[in-house]
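Asker: Below are the C-alpha cells for one structure; questions will follow.
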Amino acid sequence: MRTKTSNAAATGRWLRPAFTISCMAALIGTCHAETPAEDRRAVTARHTQGPIRLDGRLDELAWNSAGVVAELVQQSPRPGEPTPYKTVVRVLIVKDTLYFGFECTDPEPDKIAIHTMARDGFTLGDDTVSIVLDTYGDHRTGYLFQINAGGARADGLIYDPEHPSYDWDGIWDARTARSKDGWSAEIEIPSKTLNFRQGLNSWGLNLERFVARERITLRWASPTLDSFLVDLSRAGSLSGLEDLKQGRGLEFSPYLIGRMTDDFTPEGRAWHGTGGGDFTWRITPQLAAVATVNTDFAETEVDSRQINLTRFPLFFPEKRAFFLEGANQFEFASGLGDSFIPFFSRRVGLLEGQQIPINGGLKLNGRAGRWN
C-alpha cells in the first residue's frame, strides 16, 4: 500500500521546466586534528571466492582467511580499561562486495538489549555495532552503517566530525545470530552502493560496539573521550580495495500506482493509474547522474507533526531518495546550523507556498579530481 504525504514541502510537481545548477568548489572544510599516519590502526581486507551465506554466523571457511581486528578497546566511560566484552571483527572482499563479520562476546547474553526493528530507528538503548567508511580518503565525508543485535539497520552520510545524517538509505544487508557466548553479525556492503575514488589503495575505517545495559562503548581507532566515531580524520585504515569495481553502475527504481473510484452504480466506475521511476548512472565511481520521470514520493514517510509557536519557520530534513544521493556534499557549512544552507532541496516542488508538479528532473553530483 502506498501513502501520499500531504506536507507541501515534501511533494510537488513542476508545471514548467526548471533547472537548478549548483557548482561548489571544495574550498571550505572542517578544521580539526588529524591522527598522524604512523599512529593509525590498519587492517587489510582479504579477497576470497566465497561464498558467504548471510545468516549472522561466521562459520564459512572463507572467514578463516579474512583480515582481522583482534580487539576493540573501551572508549567510554573509562578509556582503555579492560572489559569482558571481547569483540573481534573480520573483513573480506567477495568479488566486488565488502563483508564485515563481528563476534561479540557477552558474559550475560540474556541481557543483550533490542528495542527496535525499524530502519534508521532509535537504537540508543540497543546493543549495536557500527562501521564508518571514508571512501574518498579526504578525512571528511563518508558512510555510516549500524545494526543492532536483532539485525535492524541504520545508515547515513557523514559530512562533519560529529553529526551524521541518517536520511540516506543504501543498498546493503545484514544478519545476526545468538550464541551461548554472546552474538555475532555478518554485514554485506556492495561496492555499487558507494561512491569512492577508483584505485585508492586504502579507505578510512572505524569500528564501534555499544553495550547498552552498561553504557559501554568499544572502539577500534581513536578510543578516547574527545573523539567521535564519525570523525574520519581520526579513523584507521582499511587496505586491499584498489581492485573494487562498480560494474556498469546502472540502477532503475520503477513505480506503478493505480486506484479505482466508484459511486456505487454499474456505470459509475473509473480507473486511474500512472507510473514512473528513477534512473541512476554512476558515470565514474565518484560521479553519479540521476534522472527522475513522473516523480512520485509516496515511499517517503510523512513528517512528524509539530506545533510551531515561534515566528520562525520549522525546519524539515530532506527524505526524498532523489535528493539524498550526495546530500552530504552540501553540508560543508554545518557549523552554522540551519541559518545557512547552500542548497535546500525541500523548496523544490513549491511555488509561493503551493504544490506544483515535478514531471521530471536530472541531477549530476559527485567529484572530479579535487572538485565537488
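The values are calculated or read from the model by the stated rules, or taken from the named source; none is laboratory data. Note that the coordinates shown come from a computational prediction; the quantities given were computed from them, not determined experimentally. So basically every Cβ, Gly included, is an ideal-geometry build from the backbone, and we count neighbours across all protein chains shown. Heavy atoms of the whole protein, side chains included, go into the accessibility calculation; ligands, DNA and RNA do not. Shrake-Rupley method; radii C 1.70, N 1.55, O 1.52, S 1.80 Å.
Asker: Which lysines, on any chain, are close to K180 with Cα under 28 Å apart, when same-chain ones fewer than 8 places away are left out?
Answerer: List returned: K86, K111.
Asker: Counting only heavy atoms of protein chains, what accessible area per residue, in Å², does the stretch 283-331 have with a probe of 1.4 Å? Don't skip to the answer; put the middle values down first.
Answerer: Working: 2740 Å² over 49 residues.
In whole numbers, the stretch 283-331 has 56 Å² accessible per residue.
Asker: So, one more: Whole-Hz ³J(HN,Hα) for each residue in the stretch 355-372, computed from phi via Karplus 6.51 cos²θ - 1.76 cosθ + 1.60 with θ = phi - 60°, x for glycine and proline: what do you get?
Answerer: Running phi through 6.51 cos²θ - 1.76 cosθ + 1.60 with θ = phi - 60° gives 6, 9, x, 10, 7, x, x, 9, 9, 10, 8, x, 9, 9, x, 9, 9, 9 Hz.
Asker: GluC sites (Glu not before Pro), restricted to the stretch 41-114: which are DSSP loop and have at most 16 other Cβ atoms within 10 Å? Don't skip to the end; give the middle numbers.
Answerer: On the way: sites: E60, E71, E103; in loops: E60, E71.
Those satisfying the criteria are E71.
Asker: What does the charge add up to near A152, with Lys and Arg as +1, Asp and Glu as -1, over the other residues with Cβ less than 14 Å from its Cβ?
Answerer: Numbers: positive: R119, R153, R175; negative: D120, D126, D127, D155, D169, D173.
Net of charged neighbours comes to -3.
Asker: Also, I was wondering about something else. Can you tell me the dipole magnitude for the stretch 160-299 around its Cα centre, using point charges on the Cβ only (Lys, Arg +1; Asp, Glu -1), in Debye to the nearest 20?
Answerer: Values: 15 positive and 21 negative charges, 112 e Å.
Here the size comes out at about 540 debye.
Asker: Rounded to a whole number, what % of the accessible area of the stretch 236-316 do carbon and sulfur atoms account for, probe 1.4 Å? It would help to have the intermediate numbers written out before the result.
Answerer: Numbers: 3230 of 5510 Å².
Carbon and sulfur together cover 59 percent of it.
Asker: With θ set to phi - 60° and the Karplus curve 6.51 cos²θ - 1.76 cosθ + 1.60, what are the ³J(HN,Hα) couplings of the stretch 289-297 in order, to the nearest whole Hz, using x for Gly and Pro?
Answerer: For the stretch 289-297, the Karplus-derived couplings read 10, 10, 10, 10, 10, 6, 4, 10, 10 Hz, x marking Gly and Pro.
Asker: Taking amide H atoms as placed 1.01 Å from N in the peptide plane, list the residues 5 or more away in sequence, or in a different chain, whose amide H sits under 5 Å from that of G67.
Answerer: R46, V91
Asker: Taking amide H positions as placed 1.01 Å from N in the peptide plane, with prolines and chain starts having none, which residues 5 or more places from G360, or on another chain, fall under 5 Å of its amide H?
Answerer: Close amide H contacts, sequence-distant or interchain: W14, N294, T295.
Asker: So, for the stretch 178-252, what is the accessible surface per residue at a probe of 1.4 Å, expressed in square angstrom? Before the final figure, lay out the partial values.
Answerer: Details: 2900 Å² over 75 residues.
Roughly 39 Å² per residue, with all protein chains present.
Asker: With unit charges on the beta carbon (Lys/Arg positive, Asp/Glu negative), name the residue among Y159, W183, T116 whose Cα is farthest towards the positive pole of the charge dipole of the stretch 71-191.
Answerer: Positive-end residue among those listed: W183.
Asker: Amide H to amide H under 5 Å from D167: which residues, 5+ apart in sequence or cross-chain, H placed 1.01 Å off N in plane?
Answerer: Here L157 satisfy the definition.
Asker: Excluding residues fewer than 8 places away in the same chain, name every one of the lysines whose C-alpha is closer than 26 Å to that of K363.
Answerer: K363 reaches K4, K192, K245, K319.
Asker: May I pose another question? Hey, what's the Kirkwood Rh for the stretch 76-155 if you take every pair of different alpha carbons, in angstrom?
Answerer: After inverting the mean inverse Cα-Cα distance, the result is 14.7 Å.
Asker: Got a sec to turn the phi values of the stretch 223-229 into Karplus ³J(HN,Hα) couplings, 6.51 cos²θ - 1.76 cosθ + 1.60 with θ = phi - 60°, whole Hz, x for Gly and Pro?
Answerer: Whole-Hz 3J(HN,Hα) from phi for the stretch 223-229: x, 10, 5, 8, 10, 10, 4.
Asker: So what's the stretch 171-259 giving for Cα Rg divided by 2.2 N^0.38 Å, two decimals?
Answerer: Values: Rg = 18.1 Å, N = 89, 2.2 N^0.38 = 12.1 Å.
The stretch 171-259 yields a ratio of 1.49.
Asker: Keeping the other protein chains in place, figure out the carbon and sulfur percent of the accessible area of the stretch 79-164, with a 1.4 Å probe.
Answerer: Details: 1580 of 3080 Å².
Of the solvent-accessible surface of the stretch 79-164, carbon and sulfur hold 51 percent.
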